[in-house]
């Protein structure tokens with residue numbers, strides 16, 4: 001099958017040498033689909049330029065026939081300046097036309113488009129209609145909710161036009177893949193999508209390949225409860241990730257249990273606030289901030305950890321790549337959740353699910369798992385076993401192909 005992988009939003013930037021978590025997701029899906037025998041071509045709009053890649057190693061600019069000519073560019077520049085000066089709502093018109101035309105040039109004979117959705121990007125939908133090629137959307141979040149949490153959500157006429165365009169773009173999809181049940185539910189609720197065309201396909205974890213069982217603490221024979229206990233968080237430092245809640249909960253746990261260490265892997269808008277909170281709570285000797293690390297780099301920290309935490313607070317979806325990495329590393333897990341989420345964690349078997357934003361529940365869970373080495377190891381072994389069966393990127397790609405085959409036949 002010939003698959004066009006579309007990213008009009010240009011986020012994440014997969015050209016970087018140090019890939020973010022979302023960029024690594026793109027890389028792994030792309031690579032594993034190729035390994036299954038399919039031909040892929042990525043088209044991504046980055047900094048106003050469409051880029052093409054068949055292997056995510058070599059990227060070539062795409063010259064869009066009529067939109068990238070000097071006269072058309074000057075016209076576009078004039079319209080953009082008028083739009084800016086008169087505060088006319090942004091509709092991503094030129095970006096979407098440029099991207100749609102690039103798809104028409106580069107992907108005419110392809111069997112299917114698979115698009116990682118971004119806010120107000122409808123070029124893929126236009127191209128799918130022009131070419132009569134089925135479009136499958138991949139939904140990894142609720143953009144409007146996250147913009148509201150960051151205080152940058154559109155308002156007034158801008159909100160109206162952007163939501164209308166997003167609804168149109170979503171309705172062009174023949175099928176939608178959501179990476180978590182929360183995203184699926186929100187998609188159906190907000191955009192009135194038919195439930196039968198939305199399926200959850202979880203991400204994978206390359207930690208399964210990077211860390212063999214013998215390297216993991218859960219598979220060691222030692223049951224020495226006097227050893228220090230290492231807790232790890234991997235991910236972004238944004239308001240809905242609950243890292244500040246975690247630090248407060250960890251501080252309470254330290255008061256009850258000695259020998260606790262917290263490793264924070266990542267970066268984000270709350271980094272300065274996190275550093276300040278660590279100082280105010282006198283946790284400098286207990287908390288390590290590593291900055292952003294690649295999976296190859298943070299695999300070492302996972303192998304040395306005992307408990308993985310996902311303290312989401314104010315978020316629609318309670319799953320995420322970190323949970324799968326924790327499972328792959330054989331960690332006992334403490335995760336925020338409600339309403340059956342996160343589905344990848346079985347309470348008391350692979351981890352503890354605690355109410356979101358609840359510092360006391362989070363702290364109590366840390367203390368309980370820190371004191372019970374047998375329970376930690378049991379959860380960790382269960383987690384690793386499930387990860388080996390259901391959380392490889394190969395398994396994710398195989399599930400995607402099942403969907404693609406159905407859509408292509410229809």
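Only the coordinates and a few stated rules stand behind these numbers; no lab work does. Because the structure is a prediction, the values reported are computed rather than measured. Neighbour counts run over all protein chains shown; Cβ positions are idealised from the backbone, glycine included.
Provide the packing ranking of 43-51, 314-322, 10-18, i.e. peptides ordered by the mean count of other C-beta atoms within 10 Å per residue, highest first. Could you put the intermediate results ahead of the total?
On the way: 43-51: 19.1, 314-322: 22.9, 10-18: 15.0.
Put in order of decreasing packing, that is 314-322, 43-51, 10-18.
If you average the C-alpha positions of the stretch 145-189 and of the stretch 311-390 separately, how far apart do those two centres end up, in angstrom?
Cα centroid of the stretch 145-189 versus Cα centroid of the stretch 311-390: 28 Å apart.
Could you work out how much longer the chain between residue 371 and residue 189 gets when fully extended? Use 0.36 nm per residue separation minus the Cα distance between them, nm to one decimal. Write down the numbers at each step before the final one.
Numbers: separation 182, 0.36 × 182 = 65.52 nm, distance 4.20 nm.
Length difference between fully extended and current span is 61.3 nm.
Would you indicate which of (1) 79, 49, 43; (2) 60, 57, 38; (3) 72, 48, 38 is the value of Cα extents along the principal axes in Å derived from the coordinates of this structure?
Recomputing Cα extents along the principal axes in Å here picks out (3).
Using 0.36 nm times the number of residues separating residue 77 and residue 296, minus their current alpha carbon distance, what extension gain do you get?
Values: separation 219, 0.36 × 219 = 78.84 nm, distance 4.28 nm.
Going from the current span to full extension adds 74.6 nm.
If the chain between residue 213 and residue 160 were fully stretched, how many nm would it gain, using 0.36 nm times the residue separation less the Cα-Cα distance?
Working: separation 53, 0.36 × 53 = 19.08 nm, distance 5.16 nm.
Roughly 13.9 nm would be gained on extension.
Using R₀ = 22 Å, calculate the FRET efficiency as 1/(1 + (r/R₀)^6) where r is the Cβ-Cβ separation of residue 343 and residue 11; round to 0.05.
According to the calculation, E is roughly 0.30.
For a paramagnetic label modelled at 7 Å from the Cα of residue 105 toward its Cβ, which residues of the stretch 1-26 fall within the zone defined by backbone nitrogen distances under 19 Å?
Hits in the stretch 1-26 for residue 105 at 19 Å: 4-10.
With r defined as the distance between the Cβ atoms of residue 276 and residue 304 and R0 fixed at 25 Å, what FRET efficiency is calculated, to the nearest 0.05?
0.40
So for the pair residue 35, residue 221, with labels modelled 7 Å out along Cα→Cβ, what separation do we get in nm?
3.3
For labels at residue 167 and residue 147 in the simple 7 Å Cα→Cβ model, what's the distance in nm?
1.5
For the stretch 207-390, what does the alpha-carbon gyration tensor say about shape, rounded, prolate or oblate, given a ≥ b ≥ c as the root eigenvalues, a/c under 1.5 as rounded, and a/b over b/c as prolate?
Values: a/c = 1.34, a/b = 1.22, b/c = 1.10.
Rounded, since a/c falls under 1.5.
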